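Notes follow once the structure below has been shown.
Throughout, read-outs are computed from the coordinates displayed, never taken from laboratory work. If you're wondering where the values come from, they're calculated on a predicted model, not measured in any experiment. As a convention, Cβ positions derive from the backbone with ideal geometry for all residues, glycine included, and neighbour counts pool all protein chains shown.
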Amino acid sequence: MRDAFRAMSASRGKMGSPFMQGVLAGLAEGLSTDCPVGAQVLAWRGDPTGMADALPLRLAGGLHALVLTGSDPALSEA
């Protein structure tokens, strides 16, 4: 799973998105089974980089939505 996040990070860098590259690289290293989200992501049984799942991008999009809606003020400060 970490390799999927690293690969997606590298591809975002090649596409000219250093911010998303950094977010995905940070997730690749920071995901942990110690938190519910990390546990779910690391246990994912689908194809994380496939078009149907695109898990790294979906997680990044979900985090972005939390920031945009103000649902997680601490995340917005990070």
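How big is the Rg/Rh ratio for the chain, C-alpha atoms only, Rh by Kirkwood, two decimals? Can you show the working numbers first?
On the way: Rg = 12.3 Å, Rh = 12.9 Å.
Answer for the chain: 0.96.
The 3J(HN,Hα) values that the Karplus relation (6.51, -1.76, 1.60; θ = phi - 60°) gives for the range 48-59 are, in residue order, x, 9, x, 4, 6, 9, 6, 4, x, 6, 5, 5 Hz. Gly and Pro appear as x. Here the range 50-78 and the range 1-35 have alpha carbon centers that stand 13 Å from each other.
From Cα pairs below 8 angstrom and at least 6 apart in sequence, can you work out the relative contact order of the chain, rounded to a whole percent? Write out the running numbers ahead of the final one.
Working: 66 pairs, mean separation 19.0, N = 78.
In percent, rounded to a whole number, it is 24.
Highest mean first, the peptides 56-64, 29-37, 4-12 sorted by other C-beta atoms within 10 Å per residue fall in the order 4-12, 56-64, 29-37.
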